[in-house]
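Colleague: To start, I am sharing the structure in question, which I have written as structure tokens.
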Amino acid sequence: MLSAHNVITITLRQCEYQQERNSDLSVWLHFAKYLTAKGFSVVWIPDVEASTPLSVDCGIIYQAASDEVLLKAACYYSAAANYFVNSGNAALARFNHHVLSVCTK
């Protein structure tokens, strides 16, 4: 069951330009499995600019939040914590003092 207390979002950067800034999916998958083992539900938010669809073996892919900025912001607001690489998406969480966010590579 999803609730604000157990949902963790992971927003990926998957652009064709400046690929060195992209998320390392294998590391994020490892982290997601750790979170799942601790009882959290992981919600993946793919990059709107991704050239291939996201495929993961744990968690929920919330494709609708990729395009819809307000939906994405609401998702961040509702989650227990939100993880990002440094990208524009992180601003939706960083500038809301009610939202817990962590940016990392």
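The values are calculated or read from the model by the stated rules, or taken from the named source; none is laboratory data. Bear in mind that the values here come from a model prediction, so they are computed numbers and not experimental data. Ideal geometry is used to build each Cβ from the backbone, glycine not excepted, and the neighbour counts take in all protein chains shown. Just so you know, the surface numbers come from the protein's heavy atoms only, side chains and all, with ligands and any DNA or RNA stripped out. Shrake-Rupley method; radii C 1.70, N 1.55, O 1.52, S 1.80 Å.
Colleague: Using the 2.2 N^0.38 Å rule of thumb for compact globular proteins, work out how the range 33-92 stacks up: its C-alpha Rg over that value, please. Numbers along the way, then the final one.
Modeller: Working: Rg = 11.7 Å, N = 60, 2.2 N^0.38 = 10.4 Å.
In units of the 2.2 N^0.38 Å rule of thumb, it is 1.12.
Colleague: Once amide H atoms are built 1.01 Å from N in the peptide plane, which residues 5 or more positions from VAL43, or in another chain, come under 5 Å H to H?
Modeller: Here the answer is ILE8, THR9, ILE10, ILE60, since their amide H atoms fall under 5 Å of that of VAL43.
Colleague: P(r) of the range 1-43 in 5 Å steps, Cα pairs, percent per bin?
Modeller: Going from the shortest bin to the longest, the percentages are 6, 23, 24, 18, 14, 9, 6, 1.
Colleague: Which order do the peptides 44-57, 13-26 come out in when sorted by mean C-beta neighbours inside 10 angstrom, highest first?
Modeller: Numbers: 44-57: 14.4, 13-26: 12.8.
Going by the mean number of other Cβ atoms within 10 Å, highest first, we get 44-57, 13-26.
Colleague: At a 1.4 Å probe, what is the % contribution of carbon and sulfur to the accessible area of the chain?
Modeller: Of all accessible area on the chain, carbon and sulfur atoms account for 58 percent.
Colleague: Can you give me the C-alpha center-to-center distance between the range 87-105 and the range 15-80, rounded to a whole angstrom?
Modeller: Here the two parts' Cα centres lie 13 Å apart.
Colleague: Given C-alpha coordinates of the range 1-73, what is the ratio Rg to Rh with the Kirkwood estimate of Rh? Spell out each step's value before the answer.
Modeller: Working: Rg = 12.4 Å, Rh = 12.8 Å.
Ratio of gyration radius to Kirkwood radius for the range 1-73: 0.97.
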